[in-house]
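To keep things clear, I will list the structure first and then write my remarks on it.
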Amino acid sequence: MTSNIIPLGQAQHGDLKLRQLTNFSHVKNEHVIPVVVHEFIQASSEYPVVFVKNSDNGQFIPVAMLGLKPGENLFAGEDGWRGLYIPTRVRTHPFHLMRNPHDHDQLMMAIDENAPVVGKDEGDALFNDDGTESAYLERRKKQLTDYFESGQLTEAFTALMAELDLLVPRSLSLEIRGESISLDGVYFIDEAKLNALSDDVFSDLRKRGFLPLIYAQMMSVHQVQRLASIKAKL
């Protein structure tokens, strides 16, 4: 079903309810999902966290790899999520942040009206009978706001990794049940370049709390083999 993302408002959506997200069809064809720095440690325990380049502006974006090739998501099953940690970008569905058409400096909450979890008969109400936002909607709005704010720090972290020339391209080759798979276009933080940084720069990374993020990303590379193992069993 095609998405229909429009600004959320009580006048138009006062009677809407949201069922619990158990079907992840909205990301079933996405093999990478953007992640923010506050997710690195949790995400790296299950997924390879790598960097890809935005084809429009050349900027790097950190993502969690959920599959080994485009169109493949090894975790979005019909019966639920086949993993312990669900990336925030997946959990915020069907909500989005969009620019206010009347003031581009402002963001506003939007909803995908065509999402299967959206309805009027069952689930958590978005608005109270008096038209005010429900406690459920307030929680979902905070989740989205926190994700956006973490995205700002993520952009700063990623830009610094690029500025320090720590991101290097890697090509990985795997063979699964006789199928050869090559992974290109992914970037990792290079350990040798990290170790070659001056003491002052390394100390600055530590003071800014970036070292745990760097190490989480570097260690997560081993999760590629986990993806291969999952794929081999499906």
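The values are calculated or read from the model by the stated rules, or taken from the named source; none is laboratory data. Bear in mind that the values here come from a model prediction, so they are computed numbers and not experimental data. For neighbour counting, all protein chains shown are included, and Cβ atoms are generated from backbone atoms with ideal geometry for every residue, glycine included. Just so you know, the surface numbers come from the protein's heavy atoms only, side chains and all, with ligands and any DNA or RNA stripped out. Shrake-Rupley method; radii C 1.70, N 1.55, O 1.52, S 1.80 Å.
Some observations on this one:
- Filtering segment 20-39 to residues that are closer than 12 Å to VAL118 by Cα and either surrounded by 13 or more Cβ atoms within 10 Å (Cβ to Cβ) or among the charged types (D, E, K, R) (or both) leaves only LEU21.
- Subset of segment 1-38 [part of a loop (DSSP other than H, G, I, E, B) and without any contact (Cβ under 8 Å) to a residue 40 or more places away in the chain]: GLY9
- Residue in segment 57-67 that is open to solvent by 30 Å² or more (accessible area, probe 1.4 Å), within 20 Å of GLU138 (Cβ to Cβ) and assigned to a loop (DSSP other than H, G, I, E, B) present: no
- GLU113 vs. criteria open to solvent by 40 Å² or more (accessible area, probe 1.4 Å), modelled with pLDDT of 95 or more and under 27 Å from GLN10 (Cβ atoms): no
- Count of segment 177-222 residues which are open to solvent by 30 Å² or more (accessible area, probe 1.4 Å) and either of a type in the set (S, T, N, Q) or within 21 Å of the chain's Cα centre (by Cα) (or both): 15
- When LEU84, LEU74 are screened for being on the phi < 0 side of the Ramachandran plot and surrounded by 15 or more Cβ atoms within 10 Å (Cβ to Cβ), only LEU74 passes.
- Scan of segment 169-190 for residues that are modelled with pLDDT of 95 or more and farther than 19 Å from VAL35 by Cα, ordered by number: ASP190
- Within segment 146-175, restricting attention to residues that are exposed (fewer than 14 other Cβ atoms within 10 Å of the Cβ) and touching a Leu at 6+ places or on another chain (Cβ under 8 Å), the residue that is nearest to VAL50 (Cα to Cα) is SER171.
- Some residue of segment 4-19 being surrounded by 18 or more Cβ atoms within 10 Å (Cβ to Cβ) and farther than 27 Å from LEU126 by Cα: no
- Candidate set from segment 40-56 (those that are farther than 23 Å from PRO169 by Cβ and not aliphatic (A, V, I, L, M)); member that is most open to solvent (accessible area, probe 1.4 Å): GLN42
- Scanning segment 3-43 for residues that are under 30 Å from PHE60 (Cβ atoms) and hydroxyl-bearing (Ser, Thr, Tyr) returns SER3, SER25.
- Put simply, of ARG139, ARG99 the only residue that is assigned to a strand (DSSP E or B), without any contact (Cβ under 8 Å) to a residue 12 or more places away in the chain and open to solvent by 60 Å² or more (accessible area, probe 1.4 Å) is ARG99.
- Taken together, the residues in segment 73-101 that are under 26 Å from LYS231 (Cβ atoms) and of a type in the set (S, T, N, Q) amount to 2.
- When the residues of segment 210-230 are filtered to those that are at pLDDT below 95 and not in a helix (DSSP H, G or I), the one that is nearest to LEU164 (Cα to Cα) is VAL221.
- Looking only at segment 43-65, and only at residues there that are under 12 Å from the mean Cα position of the chain (by Cα) and free of Cβ contacts under 8 Å to residues at least 60 places away in the same chain, the one that is nearest to LEU21 (Cα to Cα): ALA64
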